Amino acid sequence: MQLHSAFLCGWENQKVIVCIDAGHGGKDAGSVSSNGKRYEKDDNLQMALAVQKELEKHDIKVILTRENDTFVILQKRCQIANFRRADLFVSIHRNSSESGNGVEVWIKSQENEADEKLANSILDELAKTQIQTNRGIKQGTSENDGNDYYVNKYTKMPSCLIELGFISNQKDNQLLDENKENYAKAIANGILQNIP
Ligand SMILES: [Zn+2]
């Protein structure tokens with residue numbers, strides 16, 4: 001559908017295009033809360049839709065890699081952004097571990113000023129809201145495998161991946177639920193500061 005509508009719309013309106021990627025989806029739940037009731041894929045999608053709503057208030061064209069609870073492979077997510085020539089790409093995820101809490105933003109390991117600036121803007125804005133811990137900007141992947149997250153590696157525009165709190169941490173979940181709109185506005189504001 002995305003590819004088809006790109007042909008219909010053409011490039012006639014020179015709007016800035018931001019691609020928002022809700023991590024996981026469908027058969028891929030992502031991380032799950034300790035009580036088994038909360039799926040990362042759902043939190044990611046809700047936030048992606050909320051960020052879309054905020055950006056559209058500022059006349060930004062937003063494309064989503066998924067708009068509902070469907071499974072989309074990583075290659076396809078990058079293709080959507082690259083084919084539509086998005087100006088910026090922001091992936092939304094939630095973290096999970098036995099003891100961690102707070103927000104972090106990932107960029108690829110290769111030095112890239114635009115990625116850094118995008119990630120910094122978003123994290124700075126989020127840090128102005130109620131978050132438990134600012135875990136900073138991180139490069140590569142949490143596995144320390146010398147690699148990058150797929151969507152950071154294969155998208156051709158400035159990109160970053162937000163870990164919006166830990167789904168394994170009750171306080172982080174509570175903060176997300178209470179601040180959903182503020183988080184969405186913060187992410188949108190960070191993005192707006194990086195519009196080319
Ligand atoms: Zn994830």
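Loop only by DSSP, 16 or fewer other Cβ within 10 Å of the Cβ. Give me the GluC sites (Glu not before Pro) in segment 77-171 that pass, ordered by residue number.
GLU98, GLU111, GLU143
Using modelled backbone amide H atoms (1.01 Å from N, in-plane), which distant-in-sequence or interchain residues come within less than 5 Å of ARG38's amide H?
When sequence neighbours closer than 5 places are left aside, the close amide H contacts are SER33.
If you average the sequence gap of Cα pairs under 8 Å that are 6 or more apart and divide by the length of the chain, what percent do you get for the contact order?
Worked out over the chain, it gives 27 percent.
Checking the cross-link filter: which lysines have an alpha carbon closer than 19 Å to that of LYS61, excluding same-chain neighbours under 8 positions apart?
LYS15, LYS53, LYS156, LYS185
List every residue whose amide H lies under 5 Å from the amide H of SER91, counting only residues 5 or more places away in sequence or on a different chain, with H placed 1.01 Å from N in the peptide plane.
When sequence neighbours closer than 5 places are left aside, the close amide H contacts are ASP21, CYS160, LEU161, ILE162.
Okay, which of segment 123-158 sit inside 18 Å, backbone N to the point 7 Å along the Cα-Cβ direction of GLN170?
Output list for this probe position: 132-133.
Using the basic label-point model (7 angstrom from Cα toward the beta carbon), what is the GLN46 to GLN130 distance in nanometres?
With each label point 7 Å from Cα toward Cβ, the separation is 1.5 nm.
Could you please tell me the mean projected area of the C-alpha convex hull for segment 14-192, averaged over all directions and given in square nanometres to one decimal?
Taking a quarter of the hull surface, the average projection is 9.4 nm².
Given the Cα-Cα distance of ASP177 and ALA114 and 0.36 nm per residue of separation, how much length would full extension add, in nm?
Taking 0.36 nm per residue and subtracting the Cα distance, the gain is 19.6 nm.
In nm, to one decimal, how far is the modelled label at ASP59 from the one at LYS37, with both set 7 Å along Cα→Cβ?
Placing both labels 7 Å beyond Cα along the Cβ direction yields 4.5 nm.
Can you pull out the chymotrypsin sites (Phe, Trp or Tyr not before Pro) in segment 35-134 whose DSSP state is coil and whose Cβ has at most 15 other Cβ atoms within 10 Å?
Those satisfying the criteria are PHE71.
A short reminder: the numbers here are calculations on the coordinates, not readings from a lab. All values derive from a computational prediction rather than experimental measurement. Positions of Cβ are backbone-derived with ideal geometry, glycine not excepted, and every protein chain shown enters the neighbour counts.
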